[in-house]
Amino acid sequence: MSHSSEHKKAAVLGSPIAHSLSPVLHRAAYDELGLTGWEYGRHEVDEAALPAFLEKLGPQWAGLSLTMPLKRAVIPLLDEISPTAASVEAVNTVVFTSDGRRRGDNTDIPGMLAALRERGVQQVERAAVLGAGATASSALAALARICTGEVTAYVRSAARADEMRGWGERLGVPVRTAPWDDAAAAFEAPLVIATTPAGSTDPLAAAVPDRPGTLFDVLYEPWPTALAAAWAGRGGAVVGGLDLLVHQAVLQVEQMTGRAPAPLAAMRRAGESALAAR
């Protein structure tokens, strides 16, 4: 049976969700793969509404992409989760199997690694992480696979520092924490991953050194951030939030459709066009 003739549905869920680029990326993949019967939507769903939403999904549903605040809330509602998702207690991908099971995975972590590989970053001897939220734990999980030495996390509170050290222990990464006031010292590391909300790192842009290493800034809007622009201006390599978004979506498309490889270039072009139009 041809995939293209099947009527299948997928969607991104979260709250807020209106600005999600996921529909643009997934639909571009369906077009490129000739999956004419597939549709991908977006639904405003919070934690309280999630169980009822999942219960009403019919057999035509192939999978879901999840954003905040659902990545942890969904776990008790699933039949199984991958070791990658379990390692950070966060699921961003749900695939409905042919026998009706709900399988959870995390494509953010391999997505980060793929985005870094694309820029030639295969291994580093140390790294720095700016911030301590959910994305920071995914960053640590990615660094567990490519960083041979210590990771320094720059955080705003003692509680966040404890949290990051705890994640480091769980993930097998030696994590040292430092106060946010010292965040400019992060730039001495060969790889810096910025996981903070828009505007947080703007004051640090003036502190970018003359010969920076690689910056991975997980934001994609606004882009470039002040930090990313200053970094690129000094000749440093920059990996952006759109790179992460596209690479994790490629993995989602492959899991949900069973078709690989997903069309990375077409998905990235669609994402760039959509951002340029905003």
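Residues checked against (1) closer than 22 Å to residue 21 by Cα; (2) out of contact with any strand residue (DSSP E or B) (no Cβ under 7 Å at 6 or more places or on another chain); (3) outside the structural domain of residue 124 (by the TED database); (4) free of Cβ contacts under 8 Å to residues at least 12 places away in the same chain:
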position: 205; (1), (2), (3), (4): no, yes, no, no
position: 210; (1), (2), (3), (4): no, yes, no, no
position: 214; (1), (2), (3), (4): no, no, no, no
position: 219; (1), (2), (3), (4): yes, yes, no, no
position: 222; (1), (2), (3), (4): yes, yes, no, no
position: 227; (1), (2), (3), (4): no, no, no, no
position: 231; (1), (2), (3), (4): no, no, no, no
**For residue 143: the one exception among (1) in contact with a helix residue (DSSP H, G or I) (Cβ under 6 Å, 6 or more places away or on another chain); (2) buried (at least 24 other Cβ atoms within 10 Å of the Cβ)** = (1)
**Complete:** Residue hits (region 59-109; farther than 23 Å from residue 166 by Cβ, without any contact (Cβ under 8 Å) to a residue 40 or more places away in the chain, in a loop (DSSP other than H, G, I, E, B) and not polar (S, T, N, Q)) are 78, 79, 99, 101
**Request:** Note down all Cβ pairs under 6 Å where the first residue falls in region 41-55 and is assigned by the TED database to the domain that holds residue 91, the second is crowded, with 16+ Cβ neighbours inside 10 Å and aromatic (Phe, Trp, Tyr), and they're at least six residues apart or on different chains.
**Result:** 45/53
**Request:** Could you list all residues from region 114-128 that are of a type in the set (A, V, I, L, M, F, W, C), under 26 Å from residue 264 (Cβ atoms) and not in a helix (DSSP H, G or I)?
**Result:** 121, 124, 127
**Message:** Can you confirm whether residue 175 is crowded, with 23+ Cβ neighbours inside 10 Å and not assigned by the TED database to the domain that holds residue 21?
**Reply:** no
**Asked** Inside region 111-133, can you point out the residues that are of a type in the set (Gly, Ala, Ser) and crowded, with 18+ Cβ neighbours inside 10 Å?
**Response** 111, 114, 115, 127, 128, 131, 132
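Residues are listed down the side, and each one gets a yes or a no for (1) more than 17 Å from the chain's Cα centre (by Cα); (2) within 30 Å of residue 233 (Cβ to Cβ); (3) free of Cβ contacts under 8 Å to residues at least 40 places away in the same chain:
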position	(1), (2), (3)
155	yes, yes, yes
158	yes, no, yes
163	yes, no, yes
166	yes, no, yes
171	yes, no, no
198	no, yes, yes
201	yes, yes, no
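The values are calculated or read from the model by the stated rules, or taken from the named source; none is laboratory data. This one's a predicted model, so the numbers in the text were calculated from it and none came from an experiment. Reconstructed Cβ throughout: ideal geometry from the backbone, glycine too, with neighbour counts over all protein chains shown.
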